[in-house]
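First up is the structure itself, then whatever we jot down about it.
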Amino acid sequence: MSKIKNNPIMKGVSGMLGDVVVYRELRGSVIMSNRPKKRELLTPQQEETKSRFLRAVAYAKRQIADPVSKALYQPSPHSRLTSAYAAAVADYLKAPEIRSIDTTRYAGAIGDEILIRAFDDFKVTSVLVSITSAAGNLLEQGVPELLLDSVDDYVYKATVANAVLPGTKISVVVRDKPGNTTVKEIVV
């Protein structure tokens, strides 16, 4: 791959030259490379990846058509992303993360706290906590509060007493703007 810089003749050039060379502009530089080779048959995994990317492209187009969503996806000057469109595609392709579920403050009493650290590259839109007894019965379910001065720390306060703590399962479900879902469960 060759990069062409500060050449007024090549400024704004893009496309294919013959059937051999492709010119495109990326972050202000014209890049010259060999024509990509297209496979005749894709594997099932490649088909799924292609389909997922096409869904990401459709999502990004919808987001940049809406001025409010486009503003949300506008990258910062220090970002590696070049546009709101690229940021929306990246957001669609990356699910949120549940970095930790801290149950050290949970002893089964009403008001005990469960701390959750959930992160997304753009925005977590919902967090849901479920507490299931060792016998498999749903004890309670609810939405934790975002801690003040935090972007990824949540606290859930228990509303139901749990007399038998060993074997209790805490489940956290996190969603982001495109609808990606991450689930993490721990057993106390």
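The values are calculated or read from the model by the stated rules, or taken from the named source; none is laboratory data. All figures in this text were calculated on a predicted structure; none of them were measured in a lab. Quick reminder, even Gly has a Cβ in these numbers, built from the backbone with ideal geometry, and neighbours come from all protein chains shown. Remember, those area values only see protein heavy atoms, side chains included, never the ligands or the DNA or RNA. Shrake-Rupley method; radii C 1.70, N 1.55, O 1.52, S 1.80 Å.
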Specify which labelled value, from [x] 1.16; [y] 1.04; [z] 1.19, agrees with Rg/Rh (Cα atoms, Kirkwood Rh) derived from the coordinates of the model shown.
-> [x]
Pairwise label distance in nanometres, residue 69 with residue 83, each label 7 Å out on the Cα-Cβ vector = 1.6
Simple label model, 7 Å out from Cα along Cβ direction - residue 121 to residue 146, nm = 2.0
How large is the accessible surface per residue of the stretch 41-92, computed with a 1.4 Å probe and reported in Å² as a whole number?
-> 67
Helix 44-65 sits at what angle to the longest principal axis of the chain, using alpha carbons and giving 0 to 90 degrees rounded to 10?
-> 90
Report the local net charge at residue 132: Lys and Arg +1, Asp and Glu -1, summed over other residues whose C-beta lies under 10 Å from its C-beta.
-> -1
Could you give the angle, 0 to 90 degrees to the nearest 10, between helix 84-93's Cα long axis and the longest principal axis of the Cα atoms of the chain?
-> 50
Extension gain, residue 186 back to residue 38 (0.36 nm per residue minus Cα-Cα distance, nm) | 48.8 nm
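Can you tell me the relative contact order of the chain? Whole percent, Cα pairs under 8 Å, sequence separation 6 or more. Numbers along the way, then the final one.
Values: 339 pairs, mean separation 29.0, N = 188.
Computed over the chain, the figure is 15 percent.
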Cross-link list 123/157; 123/184; 38/94; 61/94; 94/177: which exceed 20 angstrom alpha carbon to alpha carbon?
-> 123/157; 38/94
Net +/- balance of residues flanking residue 171 in space, Cβ distance below 12 Å, scoring K and R +1, D and E -1 = 0
Which value, in debye to the nearest 20, gives the size of the charge dipole of the stretch 49-188 about its Cα centre, when Lys and Arg are +1 and Asp and Glu are -1 at the Cβ?
-> 780
Net charge dipole size for the stretch 83-166 [Lys, Arg +1 and Asp, Glu -1 on Cβ; Debye, nearest 20] | 160
Seen from all sides and averaged, what is the projected area of the convex hull of the Cα atoms in the stretch 86-187, in nm²?
-> 6.4
